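Novice: Sharing a structure, written as structure tokens. Questions coming.
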Amino acid sequence: MVAIKVTIAITPLILALLVAPVRSFMNNNPYISWSLLIFYGIGVIVFPVAKKIWKKLEPLIVEAITDYIEHHARLIFSKFYKRYVTKLRSQHRFFNVKGITIQSTFSLELQKVFVDLQISPPRPSRLKTAKSSLERPKNIWELLESKDPGYRIVAIIGKPGSGKTTLLQYVTLLIAIRKATRRTKRYIPFHLPLRKYVKDVVASSIEALDLASLLERDLQELKPPVGWVEHKLKNYGHRCVVLLDGLDEVADADNRKKLTTWVEHQAIHYGETRFVITSRPHGYEPNAIQGATVLHIEDFSQEQIYDFVQKWYHTTEIAAASKTDKMADIIQRAEDNATDLIQRIFQSDILSKLAVNPLLLTMITMVHRYVGKLPEMRAALYEDIIRVLLGRREETFIKGIRLSYFQKRAILQTLALVQMQQRKREISTSEAIAIIGPDLQSVNIKPEDGPHFLETMMKESGLLMETDPGFIAFAHLTYQEFLTAAEIKNRKMEDSLVNDLGDSWWHETILLYAATSDATGIVQACLNQPQRSLENLKLAYEISQEAMQIAPKERKRLEDLLVLEADSADREAQQFAADLIFEIRLKRMVRRAPNVDIDRFFISHLEYQSFIHNTNRRPDHWSGLRYSFREGLKPIVGVRRDDAEAFARWLTVRAARELGHRTSKFRLPTEEEASLVKTDQEVQDQNFKHLANPEVGAWVMPANVLVFSEKEKSAASSYWLRMRVVGESETHRVGDYHSSIDSLLEELDKQIEDLRKELQAAQKRLDDAILPSVLSALPVEIDRYIERLNEIRNALRDAVSRAQKRSFNLTLDDGMINELPADLIELNRLRSGRAGAEEYQDTDAGKIRGFLSNARVRLESLRGVLYDPVSRARQCQQNLMNLLSTELNSFAGKPIDLDQQLAFLSKLGDIRLSTNEIQAVLRREIGKDYTKAKSELLALAEYALYQNKTELLREILRGFWAVFFIEQRANRQNPLPAWEGIRLVREIRRPDEETTII
């Protein structure tokens, strides 16, 4: 192939050389000729590449052209399709801010302010999801582009105000105006608010009312061709996407269940059509759609918050500007306002946590521009926005009757309460008038003026909106819930909320009521349920976090119940309590940067326990695999630094997979962060007061140190005094369990000297008088002397072996060692060689004296040989003990981490000394022997000392003290304290960042 290309390329040159006319032309026109040759060469090279590129691009270009022609053909030849698209554009063009629109003269285009929401799988233990063979989509467009059949039916779950409805409106709009992604802009979108048609679905059998019929009813005013929707869903289902909004807004549980069954049936009937359903978690969990993949809307990241505020202010200032304003001034004003708001948000712990919710961020932005002062509690923010919306006009006139802010609010509260009691999101105008009639009469407005009042509220405040001709609803369910909570407080109807505990329809109302009232009774009711439920305990704790007030007795009872769950033998109950503590922990973190939250509490035993079950990384001083009774909600201590880092990585993965916090990455704090944000020792919750223990330090990065507050430092100092006393006592008893070289040699020297003295005494007895009694006792003594000499000989060999392993210079003549008992053995032969004689004779006295003298001289010579090694070993041991005491002082107030302090083991290489028990301590084996481990460490220290490896010696001695202190911490009688704890920092990551698995 290459040869052919080369041949083609050089053909013009060959022609130039062989064909005279060509050669003549080139000579006469050299510039033109060479230009043609160059272009020809480039063409020969580029053409094959261009051909391949075209082959790849051709299908895409043809598809795009076909799509363009098809779309415009629909507009030209199908008047209905054109009307339908026009309606979608008109219906969803503007940003529907759910009644928080304060300005009345202009609207914001949705396309200009919308920020793409990130989606991810929620906690798997809570919501069942269909399995998918492909990677999870990160946003709605990736979801709709996906060819994975697992994503044909999707339930998008989001908290109140997370942007579910706006997301579907945005998708509908972009598809309608053909600004969506390449594949999705070819779709035909069908947007259907479920609350509008729940009555139709409930009133009919599942088979009698299909989706096409319902959609055609919705499009009736456009006069669609007969069967147009059915035709598209059946024949072009792969290009249709059905967007069903607000499953949770169907209040009645039975109706919601029937609606769920209907959706399942439609999804089967239209087997190629995509379905996207939105709901709050509490509305979806009991009514999960069979076969649907569940995805969760993530909180706004710092980038999304910044992006939204910038877009909103830019669009708002342009819309609000007069004709005389210069564009540069408008842009600068928008930039200044946006920057000011962003700084306020990220400088406030509470505002930064509220701002992750799109609805609340919109409210914050509106209040910032039109009011200026920003509240720092969720209920307070709702209160402010209601006040702003209803107070846009200080007075409202209905047929000449003046209504104040408080009168308007009281009427709307009544309407909200009745709607909640009737479990309705929307209500007919006639029903609404009947509900508010008495309230209108109380302010001198006739009931027949009710329509005027409702219309005024829709126009002036935006709290109410018309959903269909003759039907109205609160612009956002949150407003209905907040006003209901306020009315329940006014009417002292707390008992009604108690009866609705556990009902998802009333969940938010209960929390909002607690935020503005004394919630003691509701917490009491949660805890007094006949069968204690973990969900009720969770609700009670949620209430306690938002409540304006709770009686100390009930708060204490709630805290005690959490302790009880922490000590439960039931793993599920224990894990629930751990998850609850974790969620509360996140809410109490302090924001110190746009995407950084710093924890004010230490990690508890309870939270760390699951990590232990998964990794076996328990604290070194534990004798088992579980914390002690009543320790669950106290800080985990005695944690190695690597374990603390591993816990943070493990928690990042678990929080993402099981707790729904996919954008949270946990790590250890830096020294600056830990010093900047102190532990919250003023917290009222006693359980968290334990977790702010001033006697615990926090591991920090990147240095291998603990950070203490001033109070913590004093506690550590007092602990250190105790540790020092115990440590100094240990230096005096190391000889009880460790045989050093000097102690071995000194013991040998003593044995030799004692035996020498005994031989000298025996010789003296013979010198004094040769008595029969002396001679008769001598055989037994000689046998004993020989046995003692054999023991000394064996001990000498053992000492030489140990000295060699520890690199101590101990050289002894093997011949001298072997000959030690030789004289006494000959003495025995003197007796045993005489036939029939069992005792020495008087005539043997001279030979006996000689043999005893020779044996004594051998021992004296051996002592002389040992003198220098004994002296050297004694001096070295003294130096070792001095260094041991010095290294004890290096632990003053410092952490104990066996990974760090036994890291020298990897540097030892191939040595003959045993480290088995040290390794057992390092591996946290339950059967470890601390005494043997300490002895092995001292043997290693002698080795390093005799090798003159000073730095290694210091590391080994620090390792000795680390093991010793761990041993003392494990002492059940009078344990030393541990203080190595864990505090965390949470980084808010971009949703598209991958979670690594440890």
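Novice: Got a sec? Which strands (runs of 3 or more DSSP E) wholly within the stretch 382-478 have at least 1 residues that are small (Gly, Ala, Ser) and either closer than 25 Å to LEU511 by Cα or within 45 Å of the chain's Cα centre (by Cα) (or both)?
Specialist: Qualifying strands (runs of 3 or more DSSP E): 471-474.
Novice: Moving to a separate point now. Residues in the stretch 517-525: is at least one modelled with pLDDT under 80 and either assigned to a helix (DSSP H, G or I) or β-branched (Val, Ile, Thr) (or both)?
Specialist: no
Novice: Just to be sure, is ARG829 open to solvent by 60 Å² or more (accessible area, probe 1.4 Å) and not aliphatic (A, V, I, L, M)?
Specialist: yes
Novice: Residues LYS492, LYS424: which one is among the basic types (Lys, Arg), touching a residue at least 24 places away in the same chain (Cβ under 8 Å) and open to solvent by 10 Å² or more (accessible area, probe 1.4 Å)?
Specialist: The unique qualifying residue is LYS424.
Novice: Right, here's the next one. What residue, of VAL443, VAL418, is out of contact with any Phe, Trp or Tyr (no Cβ under 7 Å at 6 or more places or on another chain) and more than 27 Å from ARG378 (Cα to Cα)?
Specialist: None of the other options fit; the residue is VAL443.
Novice: Kindly indicate which of ILE926, ILE918 is of a type in the set (A, V, I, L, M) and closer than 24 Å to ARG802 by Cβ.
Specialist: From the options ILE926, ILE918, the qualifying one is ILE918.
Novice: Mind listing whichever residues of the stretch 448-470 are within 16 Å of ALA434 (Cα to Cα) and free of Cβ contacts under 8 Å to residues at least 24 places away in the same chain?
Specialist: Listed by number, the residues that qualify are GLU448, GLY450, PRO451, GLU455.
Novice: Same structure, new question: Among the residues that make up the stretch 602-614, is at least one of them open to solvent by 40 Å² or more (accessible area, probe 1.4 Å), part of a loop (DSSP other than H, G, I, E, B), outside the structural domain of ARG969 (by the TED database) and not aliphatic (A, V, I, L, M)?
Specialist: No, there is no match, as no residue in the stretch 602-614 is open to solvent by 40 Å² or more (accessible area, probe 1.4 Å), part of a loop (DSSP other than H, G, I, E, B), outside the structural domain of ARG969 (by the TED database) and not aliphatic (A, V, I, L, M).
Novice: Would you pick out the residues in the stretch 415-438 that are among the small types (Gly, Ala, Ser) and touching a Leu at 6+ places or on another chain (Cβ under 9 Å)?
Specialist: Selection gives ALA416, ALA432.
Novice: Got at least one residue in the stretch 633-650 being open to solvent by 10 Å² or more (accessible area, probe 1.4 Å), assigned to a loop (DSSP other than H, G, I, E, B) and of a type in the set (Asp, Glu)?
Specialist: The answer is no, given that none of the residues of the stretch 633-650 is open to solvent by 10 Å² or more (accessible area, probe 1.4 Å), assigned to a loop (DSSP other than H, G, I, E, B) and of a type in the set (Asp, Glu).
Novice: May I pose another question? Name, by its number, the condition in (1) basic (Lys, Arg); (2) surrounded by 23 or more Cβ atoms within 10 Å (Cβ to Cβ); (3) not in a loop (DSSP other than H, G, I, E, B) that does not hold for LYS665.
Specialist: Here LYS665 clears every test but (2).
Novice: Only one of these is touching a Leu at 6+ places or on another chain (Cβ under 7 Å) and surrounded by 15 or more Cβ atoms within 10 Å (Cβ to Cβ): LEU412, LEU359. Name it.
Specialist: Exactly one of LEU412, LEU359 is touching a Leu at 6+ places or on another chain (Cβ under 7 Å) and surrounded by 15 or more Cβ atoms within 10 Å (Cβ to Cβ), namely LEU412.
Novice: I've got another one for you. Could you identify the single residue in LEU859, LEU852, LEU775 that is assigned to a helix (DSSP H, G or I), modelled with pLDDT under 75 and of a type outside the set (Ser, Thr, Tyr)?
Specialist: LEU775 is the lone residue from the list that is assigned to a helix (DSSP H, G or I), modelled with pLDDT under 75 and of a type outside the set (Ser, Thr, Tyr).
Novice: Now for a separate question. Quick check on the stretch 526-539. Is at least one of its residues open to solvent by 40 Å² or more (accessible area, probe 1.4 Å), farther than 22 Å from ALA379 by Cα and modelled with pLDDT of 80 or more?
Specialist: Yes, that holds for at least one residue.
The values are calculated or read from the model by the stated rules, or taken from the named source; none is laboratory data. Model, not experiment: these values are computed from the prediction. Every residue, glycine as well, gets a Cβ built from its backbone with ideal geometry; the counts of neighbours run over all protein chains shown. Heads up: the accessible areas ignore ligands, DNA and RNA and are worked out on the full protein's heavy atoms, side chains in. Shrake-Rupley method; radii C 1.70, N 1.55, O 1.52, S 1.80 Å.
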